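S.K.: To start, I am sharing the structure in question, which I have written as structure tokens.
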Amino acid sequence: MLTRRGFLQFVVGGALGAVFSPLPWRIADELVLFSQRWTPQGAPGDESWCYSICQLCPGGCGLKVRKISERVVQVEANPLSPINRGVCPLGAASVQYLYGDKRRIKKPLKRTGKRGEGKWQEIEWAEALNLLTSKLNDLKGSGATEGLLCIDGSVSKVMSGLLKKFCYAYGTSNYFHVNADVGASIAIKEMQDFNGCVGFDLENADYVLSFGSQLLEGWGAPGNLQALYNYWFENPLKPKVKVVQIEPRMSDTAAKASEWLPNLPGTEALVALGLAWVILKEGKYNPRFTGDADFERFKRAVLEGFNPDKLEEKTGLCKDDFIRVAREFCNAKHPIAVWGRGKGFNSTGAFEVLAIHSLNALVGNINRKGGTAFFKDVVDEVWPEISTRQPRDLGKFIESVGAKKVYAEIALVCEANPAYKYPVSFGNALQNVPFVVTFTPFMNDTALVSDLVLPTPFYMEKWEAITTPRGFSYPVFGLSCPVCKSSYGVKHPGDVVLAVSKTLGLKGLPWDNYRNLLQYLVEKIWSKGKGCLLKGNKKVALPSSPRQMWSELTTCVWANPEAVSGGIKKFDFAPSVFAEGIKRPVWSVEGKSEDYPFTLIPCEYLILPQDLGAAPFLVKQLPDTVLKGSDLCVEVHPETASQCGVKNGELALLQTPLGQARVRVFCNECIRPGIIGIPVGLGHKGYDEYLAGKGINAYTILGYNEEATGVASYVMNKANLVKI
Amino acid sequence: MGHEEKENWSHAEKYVMVIDIDKCTGCGACVVACSQENNIPVRTDETDKYMSLNWLVIYRVTNAQPFPKTKVVYVPRPCMHCDDPICVHVCPASATDKDAKGIVSQIYPRCFGCRYCMAACPYHARVFNWYDPVYPKGTERGFNPDVSTRMRGVVEKCSFCNHRYQHARDKAIAEGRVCLEDGEYIPACAEACPTKAIYFGNIKDPNSQVSRILREERPHVFRLLEKYGSEPSVYYISRQDWVRPRLDWVLEEEHKKYKNSMK
């Protein structure tokens with residue numbers, strides 16, 4: 001029974017007990033911690049630096065990676081790399097890609113729900129490999145090996161080469177690289193009967209005519225082009241080069257170029273032929289490739305049909321500009337005409353490349369200092385059987401899979417994201433492909449609709465060889481070694497391919513693992529004895545043993561600047577594509593001009609990678625004139641906006657023959673009136689909350705085919721902008 | 001090292017940044033490198049640029065001419081580290097100070113978030129932590145241990161990567177040197193810049209790269225909003241006459257007096 005005395009004893013005793021117990025101190029401590037809002041801090045550790053090569057794009061920038069204990073914390077440029085002097089924003093965001101838990105895939109995933117539903121079962125690698133091997137084995141057993149479709153997006157040509165070899169050995173010809181410039185390779189094949197690396201010696205050029213190539217925004221090797229910009233304009237008052245940018249919209253490249261000529265979209269080929277007209281008319285061409293029957297055919301056709309007088313209205317450029325630029329071009333010492341619109345990841349039309357490249361031929365600047373360079377890459381030389389194959393148009397192929405004209409049983413997607421680039425046709429094709437396996441480090445749009453997702457290491461976690469950066473004018477080879485251990489359950493796609501082909505008993509792939517293959521290549525290069533090691537600007541002779549070469553190549557690169565001297569076998573000014581091309585309009589047009597009075601063009605930004613989604617830091621840097629909230633902004637001239645009755649910042653409906661989308665309007669003087677610019681690289685379904693669901697995928701409403709060759713190209717579309 | 005030597009050291013050092021606007025391509029590598037170096041948080045929606053937190057911002061500036069005469073330049077804007085910093089004068093908490101080598105510091109635990117400094121800074125170089133810092137899940141592993149992360153309710157800004165100075169100085173002391181060599185200490189943005197448009201160094205050393213550039217390019221050098229007399233430590237170079245008046249928002253009739261050179 002509780003008495004008054006007992007109660008007081010209990011309360012006082014309890015209070016005393018509590019005071020002398022650690023409880024109040026503990027609570028006070030917790031309160032301090034709670035009220036201070038401590039933020040996470042970086043754990044200290046020993047600092048170390050490693051070398052690596054960036055593989056976020058085919059630019060091959062050399063990197064120096066800062067580590068604290070085992071953590072990677074920063075990337076900087078490798079001072080020994082001949083390619084770059086700093087890093088680009090993508091490379092700078094590498095650490096976010098590496099540690100982005102929500103994007104990275106932790107274990108092999110097997111689809112359990114419906115396709116695209118997002119229900120996965122984590123499985124072990126052994127089970128995943130079994131599944132893959134048995135599917136491939138069944139298909140091989142059935143004899144229909146052409147049913148294997150391989151979509152490659154690898155940055156390394158060695159990995160691509162291995163996949164090609166695998167397809168070759170397996171017995172399928174359906175190998176595609178997502179970034180292959182199909183139009184350009186058709187044109188080069190027809191003109192020069194050449195299939196291999198195309199480079200541009202921009203370093204030694206003194207007049208660069210760029211037909212919409214966004215040289216400073218991801219075209220070619222971005223790190224190299226930025227370094228070149230510094231070299232060209234070291235003294236901006238006395239530049240080493242004149243860069244003329246022919247583009248309907250003032251991109252960053254056009255803004256930094258010596259001159260900007262805003263043409264009408266899709267008229268690049270006409271502009272090039274108009275310039276050729278002036279050169280031919282004035283007889284200022286170089287005799288190096290001229291004089292044959294094909295040249296006479298070309299000359300006649302150009303003089304007949306491409307008088308700049310008549311092109312003024314079609315191209316939007318005035319006649320005086322044609323004459324002035326053409327004269328400057330052929331009077332320059334090392335003029336070069338450059339193709340590959342935007343970042344050059346979308347196929348340029350074959351006719352367009354042909355028209356542009358004929359300018360290079362007219363001034364004789366092929367395989368010469370400051371000109372276009374044609375050569376064989378290391379991988380092409382080691383495996384000649386795979387390099388003879390002409391790249392094919394993936395867009396057209398998956399369209400025919402979707403239409404059931406072509407049969408595909410297994411789609412093997414390696415570090416590519418076709419579901420983003422071909423949103424409609426890939427979706428249709430998937431209905432006819434029973435098994436889709438994706439190798440990728442990130443949960444991208446394609447992984448979401450796959451049946452089996454195999455996590456691959458990020459570039460900092462694996463051995464890889466980087467060959468000739470895109471657009472580089474001589475062959476290069478470098479090794480990138482793992483900088484840190486992966487914290488995810490990843491396997492190198494090369495190891496997987498080699499293991500699978502061993503189980504399937506495929507011939508011609510004798511290596512145990514990918515590293516062995518790289519060693520084999522290094523030995524091959526060493527034993528040929530050509531070229532040198534490039535350490536910054538210094539040329540160093542090859543080391544005395546392949547072993548030493550291997551260790552040297554992890555910090556600097558091998559290169560063979562002499563690979564491109566000498567002439568070319570043939571040059572044809574007027575192959576069949578040209579004959580076809582001049583007869584028709586360049587692009588096939590859908591939709592009536594009354595319904596769609598404007599032209600829609602893609603706007604590409606360096607900080608908006610396409611297949612590889614932008615890292616959070618990159619999305620953060622996007623101006624609010626590209627993305628506002630989750631709304632995508634399209635760029636229009638104020639005149640165009642008032643024509644449509646919309647104001648800056650307002651919402652509007654963008655309509656094209658392919659579909660429509662809700663967008664915000666951004667008025668800007670930096671674009672031709674009558675044109676709508678749509679940013680490419682947003683509207684992803686995969687990745688994380690920093691990117692998914694933001695903006696719209698421009699590829700859903702862009703799309704055009706070249707008339708002469710039927711090559712799919714995402715250069716423009718007809719469009720209308722309607723006030724909501 | 002004795003007290004006297006330390007004094008000498010600071011008299012021999014003043015760090016400045018020189019940004020060549022004509023060489024900047026606006027790629028954004030400096031901003032990303034800065035964010036990575038200084039553990040800058042990222043929220044899922046950063047499209048409200050008034051709330052977005054950055055130490056370095058690239059402005060896109062046009063000449064305000066109609067198509068097709070339009071011209072564009074890109075202007076990276078870090079903290080100006082003024083010699084007469086207005087933000088320091090107004091801070092009631094002594095949370096920000098100008099140190100001997102020219103860097104305007106910010107002491108986060110001392111800041112109580114009144115944001116007077118933000119109102120005072122003519123360059124909008126200061127930003128406020130409106131929210132608890134958030135990082136994409138897992139990227140905390142990439143934190144730079146040399147830079148503390150900041151809590152909600154404090155102001156932060158560019159520090160010219162002061163921790164890099166400390167590293168370089170520690171190294172110099174260990175090697176028994178009194179002065180840092182040119183290029184031994186540069187911030188992450190200058191390090192990352194792929195066109196090398198950002199120069200950084202000691203202006204008190206007449207042989208340093210920045211001193212040389214400032215001498216050579218003297219007719220084209222200017223600083224932002226010099227009329228406020230805050231004496232910024234960030235110098236800009238542009239050989240295009242329209243750039244400076246546009247950056248300083250001068251009136252039409254003032255244009256003639258305004259050329260691209262320092263008074």
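S.K.: So how strong a dipole does region A:468-560 carry about its Cα centre when Lys and Arg Cβ are +1 and Asp and Glu Cβ are -1, to the nearest 20 debye?
M.R.: Taking the Cα centre of region A:468-560 as origin, the dipole is about 180 debye.
S.K.: Can you sort A:394, A:237 by solvent-accessible area, 1.4 Å probe, largest first?
M.R.: Ranked from most to least accessible, the order is A:237, A:394.
S.K.: Now, a different point. Rounded to the nearest Å, what's the spacing between the alpha carbon centres of region A:1-64 and region A:380-440? Just the number, please.
M.R.: After rounding, the separation between the Cα centres reads 52 Å.
S.K.: Could I ask something else about it? Please give the residues from region B:140-186 for which the solvent-accessible area of heavy atoms, probe 1.4 Å, is smaller by at least 30 Å² with all protein chains in place than with the chain isolated.
M.R.: Buried by the other chains: B:141, B:142, B:143, B:145, B:149, B:151, B:152.
S.K.: May I pose another question? Normalising by the residue count of region B:3-257, find the relative contact order in percent from Cα pairs under 8 Å and 6+ residues apart.
M.R.: Averaging sequence separation for qualifying contacts and normalising by length gives 29 percent for region B:3-257.
S.K.: Among A:303, A:253, A:289, which residue has its Cα furthest toward the positive end of the charge dipole of region A:247-309, with +1 on Lys/Arg Cβ and -1 on Asp/Glu Cβ?
M.R.: Result: A:289.
S.K.: Using the Kirkwood radius built from alpha carbon pairs, what does the Stokes-Einstein equation give as D for region B:3-257 at 20 °C and 1.002 mPa s, in µm² per second?
M.R.: 111 µm²/s
S.K.: What accessible area per residue comes out for region A:431-543, rounded to a whole number of Å², with a 1.4 Å probe?
M.R.: 35 Å²
S.K.: Around residue B:57, which amide H atoms from residues at least 5 apart in sequence, or from another chain, sit under 5 Å from its own amide H, with H modelled in the peptide plane?
M.R.: Correct list: B:77.
S.K.: Two-decimal Rg/Rh of region B:1-116 from alpha-carbon positions, Kirkwood Rh?
M.R.: 1.05
S.K.: While we're here: For region A:216-227, take each phi angle, set θ = phi - 60°, evaluate the Karplus expression 6.51 cos²θ - 1.76 cosθ + 1.60, and give the result in whole Hz per residue in order, putting x for glycine and proline.
M.R.: 3J(HN,Hα) across region A:216-227, in whole Hz: 9, 10, x, 6, x, 9, x, x, 5, 5, 5, 5.
S.K.: Using a 1.4 angstrom probe on the protein heavy atoms only, could you order B:50, B:108 from most to least accessible area?
M.R.: B:50, B:108
S.K.: Continuing with this model, one more query. Run the 1.4 Å probe and let me know the accessible area of residue A:182, rounded to the nearest 10 Å².
M.R.: About 10 Å², rounded to the nearest 10.
S.K.: Angle, helix A:514-528 long axis vs. longest principal axis of chain A, Cα atoms, 0 to 90°, nearest 10?
M.R.: With rounding to tens, the tilt is 40 degrees.
S.K.: Just to check I understand the Karplus step: with θ = phi - 60° and J = 6.51 cos²θ - 1.76 cosθ + 1.60, what whole-Hz values come out for region A:461-475, glycine and proline as x?
M.R.: In residue order, the calculated couplings are 10, 9, 7, 8, 10, 10, 9, 2, x, 3, x, 6, 9, 8, x Hz.
S.K.: For a quick protection proxy, order the peptides A:318-325, A:189-196 by their average other-Cβ count within 10 Å, most packed first.
M.R.: Top to bottom by mean Cβ count within 10 Å: A:189-196, A:318-325.
S.K.: Projected onto the charge dipole of region B:139-250 (+1 at Lys/Arg Cβ, -1 at Asp/Glu Cβ, origin at the Cα centre), which of B:250, B:192, B:234 gives the Cα projection farthest towards the positive end?
M.R.: Going by the charge dipole, the pick is B:250.
S.K.: Taking every Cα atom in region A:47-99, find the radius of gyration and the maximum pairwise distance Dmax, and write them in Å.
M.R.: When restricted to the Cα atoms of region A:47-99, Rg and Dmax are 10.4, 30 Å.
S.K.: Okay, helix-only estimate at 222 nm for the protein assembly as shown: each DSSP H run of n ≥ 4 adds -39500 (n - 2.57), divide by all residues, round to 500 deg cm²/dmol; what do you get?
M.R.: That comes out to -9000 deg cm²/dmol.
S.K.: In what sequence, highest mean first, do A:589-599, A:349-359 appear when ranked by Cβ atoms within 10 angstrom?
M.R.: With the highest mean Cβ count within 10 Å placed first, the list reads A:349-359, A:589-599.
S.K.: Report, in whole Å, the centroid distance computed from the Cα atoms of region A:607-644 and region A:201-227.
M.R.: That distance is 24 Å.
S.K.: With both partners inside region B:3-257, how many of the DSSP beta bridges are antiparallel, as a percent to the nearest 5?
M.R.: 80 percent
S.K.: Can you find, among A:180, A:493, A:167, the residue farthest towards the positive end of the dipole of chain A? Put +1 on the C-beta of Lys and Arg, -1 on that of Asp and Glu.
M.R.: The residue sitting farthest along the positive end of the dipole is A:493.
S.K.: Please work out the Cα center distance from region A:84-141 to region A:462-538, rounded to the nearest Å.
M.R.: Result: 21 Å between the Cα centres.
S.K.: Here's another thing I want to ask about it. Which value, in debye to the nearest 20, describes the size of the charge dipole of the protein assembly as shown about its Cα centre when Lys and Arg Cβ atoms bear +1, Asp and Glu Cβ atoms bear -1, and nothing else is charged?
M.R.: The dipole of the protein assembly as shown has a size of about 620 debye.
S.K.: Is the shape of region A:557-621 rounded, prolate or oblate, going by the alpha carbon gyration tensor and its root eigenvalues a ≥ b ≥ c, with a/c under 1.5 for rounded and a/b larger than b/c for prolate?
M.R.: Oblate is the answer for region A:557-621, as a/c is 1.5 or above yet b/c matches or exceeds a/b.
S.K.: Indicate, rounded to the nearest 5 percent, the antiparallel portion of the DSSP beta bridges found entirely in chain A.
M.R.: Taking every DSSP beta bridge within chain A, about 60 percent pair in antiparallel fashion.
S.K.: Moving to a separate point now. With a/c under 1.5 counting as rounded, go ahead and sort chain A into rounded, prolate or oblate using the C-alpha gyration tensor (a ≥ b ≥ c being the square roots of the eigenvalues; past the cut-off, prolate if a/b is larger than b/c, else oblate).
M.R.: Prolate is the answer for chain A, as a/c is 1.5 or above and a/b outweighs b/c.
S.K.: Compute the whole-percent fraction of alpha carbon pairs in region A:503-653 spaced more than 19 Å apart.
M.R.: Roughly 77 percent, once rounded to a whole number.
S.K.: A drop of at least 40 square angstrom in accessible area, chain alone versus all protein chains together, probe 1.4 Å. Which residues of region A:38-56 meet that?
M.R.: Those residues are A:39, A:40, A:41, A:42.
S.K.: Hey, another quick one. Evaluate the charge dipole of region A:179-277 about its Cα centre and quote only its size in Debye, nearest 20, assuming +1 on the Cβ of each Lys and Arg and -1 on the Cβ of each Asp and Glu.
M.R.: 220 debye
S.K.: Can you list the residues in region A:197-227 whose accessible area drops by at least 50 Å² when all protein chains are present, compared with the chain alone? Use a 1.4 Å probe, heavy atoms only.
M.R.: A:226
S.K.: Now for a separate question. Buried accessible area between B and A (1.4 Å probe, both chains summed, ligands and nucleic acids excluded), in Å² to the nearest 100?
M.R.: That pair of chains buries around 5500 Å² in total.
S.K.: Which trypsin sites (Lys or Arg not before Pro) in region A:442-514 sit in a loop by DSSP (not H, G, I, E or B) and have at most 14 other Cβ atoms within 10 Å of their own Cβ?
M.R.: Counting only loop positions with at most 14 other Cβ atoms within 10 Å, the trypsin sites (Lys or Arg not before Pro) in region A:442-514 are A:485, A:507.
S.K.: Taking chain B as a whole, which cysteines find no other cysteine Cβ under 4.7 angstrom from their Cβ?
M.R.: By the Cβ distance rule, which asks for a partner under 4.7 Å, the isolated cysteines are B:24, B:27, B:34, B:82, B:91, B:111, B:114, B:121, B:161, B:179, B:193.
S.K.: Can you give me the long-range amide H partners of residue A:242? Hydrogens built in the peptide plane at 1.01 Å from N, cutoff under 5 Å, separation of 5 or more residues or another chain.
M.R.: A:207, A:208
S.K.: Between residue B:241 and residue A:189, what is the label-point separation in nm under the 7 Å Cα-to-beta-carbon projection?
M.R.: 5.5 nm
S.K.: Under 5 Å between amide H atoms, partner at least 5 residues away or on a different chain: which partners does residue B:221 have, H built in plane at 1.01 Å?
M.R.: For residue B:221, whose amide H was placed from the backbone, the distant partners under 5 Å are B:262.
S.K.: How much accessible area does residue B:220 have with a 1.4 Å probe, in Å² rounded to the nearest 10?
M.R.: 40 Å²
S.K.: Taking the solvent-accessible surface of protein heavy atoms with a 1.4 Å probe, what is the per residue accessible area of region A:47-99 in Å²?
M.R.: Accessible area per residue, region A:47-99: 24 Å².
S.K.: Let me ask something else about it. In the protein assembly as shown, what percent of the accessible surface is made up of carbon and sulfur (1.4 Å probe, ligands and nucleic acids excluded)?
M.R.: Roughly 53 percent of what the probe reaches on the protein assembly as shown is carbon or sulfur.
S.K.: First check a/c for region A:450-522, with a ≥ b ≥ c the square roots of the eigenvalues of its C-alpha gyration tensor; if it is under 1.5, answer rounded, and if not, answer prolate when a/b is larger than b/c or oblate otherwise.
M.R.: Note, shape of region A:450-522 comes out oblate.
S.K.: Against the longest principal axis of chain A, how steep is helix A:268-281, in degrees 0 to 90 to the nearest 10, with axes from Cα atoms?
M.R.: 30 degrees
S.K.: Sticking with this one: Ordered by residue, what ³J(HN,Hα) values in Hz, to whole numbers, does region A:150-161 give under the Karplus form 6.51 cos²θ - 1.76 cosθ + 1.60, where θ = phi - 60° and Gly and Pro are x?
M.R.: Per residue, the Karplus-derived 3J(HN,Hα) values read 10, 10, 10, x, 4, 7, 7, 6, 5, 4, 4, x Hz.
S.K.: Among the lysines, which have Cα under 16 Å from the Cα of residue A:628 when same-chain residues fewer than 8 positions away are ignored?
M.R.: A:620, A:647, A:694, B:49
S.K.: What accessible area, in Å² to the nearest ten, does a 1.4 Å probe give for residue B:230?
M.R.: Accessible surface of residue B:230 is approximately 0 Å².
The values are calculated or read from the model by the stated rules, or taken from the named source; none is laboratory data. These figures come from a predicted structure and were not determined experimentally. Quick reminder, even Gly has a Cβ in these numbers, built from the backbone with ideal geometry, and neighbours come from all protein chains shown. Side chains included, ligands, DNA and RNA excluded: accessible areas come from the protein's heavy atoms. Shrake-Rupley method; radii C 1.70, N 1.55, O 1.52, S 1.80 Å.
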